[in-house]
Structures are given as C-alpha cells and as structure tokens.
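Undergrad: Structure below; questions to follow.
The values are calculated or read from the model by the stated rules, or taken from the named source; none is laboratory data. Just so it is clear, the structure is predicted and the values come from calculations on it, not from any experiment. Counting neighbours? That spans all protein chains shown, and the Cβs are built from the backbone with ideal geometry, glycine included. The area values use the complete protein model at the heavy-atom level, side chains included, leaving out ligands, DNA and RNA. Shrake-Rupley method; radii C 1.70, N 1.55, O 1.52, S 1.80 Å.
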Amino acid sequence: MSKKIIFLDIDGVLNTAFTRKRNEHIDDFRVKLLSDIVQQTNAKIVLTSTWRFGFKRTFFGLKPINNSTKALVEHFSKYHLKIYDILPDSPNEQRTYDVLVYIRTHNIQKFVVIDDEEFNFQSPQFKEHFFKTEFNTSNEQSSGLTQKITERIIKYFN
C-alpha cells in the first residue's frame, strides 16, 4: 500500500449544491482535480464518505452496488482513478477515530483528509492534514474541491 493516502469524502467534495441542481451525482470537473492530485503525488484513495456503504467487498475488490456508486466508479475510470479501500461501516461520528486506526494499522506516512464536514478533523493530530471544502457557496468555483485546494494538497504531499 502506498504511504500517501487521500481520505476522501464525496458530498461537498466531488459534488456540490450546484451539481445537485443539475441533477448530477458527481461533478466531472472536481474528479479531474482529484485525478491531478493522484497523478502528481501517487497517493491512493480511501473512501470515508457514507458512499462507502454503496460498495460491497468481493474477492476482486470493491464492487459498486447502487446507481450513485456506479456513477462514481464510471467518473473515476475516465481518469484512471481507483478506490483502494474504504473505512469500516461505523457511524459518522467515529470517522476521525477510524482514520486514525487506519493510519496506524497500515503505517501511513503522509495523508490528507478532504471533507466538507469537520467532524473532529480540527484536532491537533489532523490540523495540517485536513483540507476543508464547502458544499454550498455563493459561486460554483469556490464549492467542493477547488483548484486552490488541489494545489495546496499537491504541495503538501510533495
């Protein structure tokens, strides 16, 4: 496993209020930004989002089992992105704990958390690793994963 991990939320990161108004599950522009991060850093994606409940673990890997996760995998495949792992099926309030356990268990050296919700990611052990996005802002360019956040993450990893 790569020693660089992106702990990824979906809602508010790869889609926004603007995406929803267009009746889309995922914003292709933001998937392209995620792809830029992965290509320039060789980081692997671990899904933290509640979307992880839409995947089933099989012998061959993670299989999408609903329309939303199938759409996500389609968008990812366009950019040669792959979800390498998912957090356990525990309650959302436990997300920071699950990330910490994952980091320790897999001996992760560098990681980022991209999420629009803070949970406990403002705590000292996450402060430099947490990149907060916004689900709903006044304009589409500042919602979700942005060019500016993408550049900051690439700089952090490299």
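Undergrad: Of Ile103, Ile65, Ile114, which is the most mobile in a GNM of the chain whose springs link Cα atoms less than 10 angstrom apart?
TA: Sorting by GNM fluctuation, first place goes to Ile65.
Undergrad: Continuing with this model, one more query. At what distance in nm do the modelled label points of Glu117 and Glu93 sit from each other, each positioned 7 Å from its Cα along Cα→Cβ?
TA: Label-label distance for Glu117 and Glu93, simple model: 1.2 nm.
Undergrad: Determine how large the accessible area of Leu81 is when every protein chain is in place; take a 1.4 Å probe and give Å² rounded to the nearest 10.
TA: Accessible surface of Leu81 is approximately 20 Å².
Undergrad: Run through the DSSP bridge list for the chain and note the antiparallel percent, rounded to the nearest 5. Mind showing how you got there, number by number?
TA: Working: 4 of 20 bridges.
Expressed as a percentage, antiparallel bridges in the chain total about 20.
Undergrad: Using a Gaussian network model on the chain with a 10 Å cutoff between Cα atoms, which of Thr58, Thr146, Thr69 fluctuates the most?
TA: Thr58
Undergrad: Shifting gears a bit: Does anything in segment 21-35 have its amide N under 16 Å from the 7 Å Cα→Cβ label point of Lys148, and if so which residues?
TA: none
Undergrad: Could you check which residue among Glu93, Glu118, Glu74 shows the biggest mean-square fluctuation in a GNM of the chain with a 10 Å Cα cutoff?
TA: Glu93
Undergrad: Would you mind checking the radius of gyration and Dmax of segment 118-158 based on alpha-carbon positions, in Å?
TA: Every Cα atom of segment 118-158 included, Rg and Dmax give 11.5, 31 Å.
Undergrad: Let me ask you something else. With viscosity set to 0.890 mPa s and temperature to 25 °C, compute the Stokes-Einstein D of the chain, Rh being the Kirkwood radius across alpha carbon pairs; µm²/s, no decimals.
TA: Details: Rh = 15.7 Å.
Here the translational diffusion coefficient equals 157 µm²/s.
Undergrad: Further question: Tell me, what ³J(HN,Hα) does each residue in segment 64-69 have, in order and in whole Hz, if you take phi through Karplus 6.51 cos²θ - 1.76 cosθ + 1.60 with θ = phi - 60° and put x for Gly and Pro?
TA: Working through the residues one at a time gives x, 10, 9, 4, 5, 6 Hz.
Undergrad: How high is the relative contact order of segment 40-109, in percent, with contacts defined as C-alpha pairs under 8 Å that are six or more residues apart?
TA: Computed over segment 40-109, the figure is 33 percent.
Undergrad: Order the following by accessible area, largest value first: Tyr84, Tyr97, Tyr156. Probe radius 1.4 Å; ligands, DNA and RNA are ignored.
TA: In descending accessible area the options line up as Tyr97, Tyr84, Tyr156.
Undergrad: Something else: Give, as ranges by residue number, the residues of segment 77-114 whose backbone N falls under 18 Å from the point 7 Å along Cα→Cβ of Asn66.
TA: Residues passing the 18 Å test: 86-93.
Undergrad: Still on this structure: With runs of 4+ DSSP H residues as the only contributors, calculate the mean residue ellipticity of the chain at 222 nm using -39,500 (n - 2.57) per run, divided by the residue total and rounded to the nearest 500.
TA: My calculation for the chain gives -10000 deg cm²/dmol from helical runs alone.
Undergrad: Which Rg and Dmax, in Å, describe the Cα atoms of segment 68-158?
TA: 14.4, 40
Undergrad: How high is the relative contact order of the chain? Use alpha-carbon pairs under 8 Å, at least six apart in sequence, and give a whole percent.
TA: Contact order relative to length: 35 percent.
Undergrad: Please report Rg over Rh for segment 20-65, where both radii come from the alpha carbon positions and Rh follows the Kirkwood definition.
TA: Rounded to two decimals, Rg/Rh equals 1.03.
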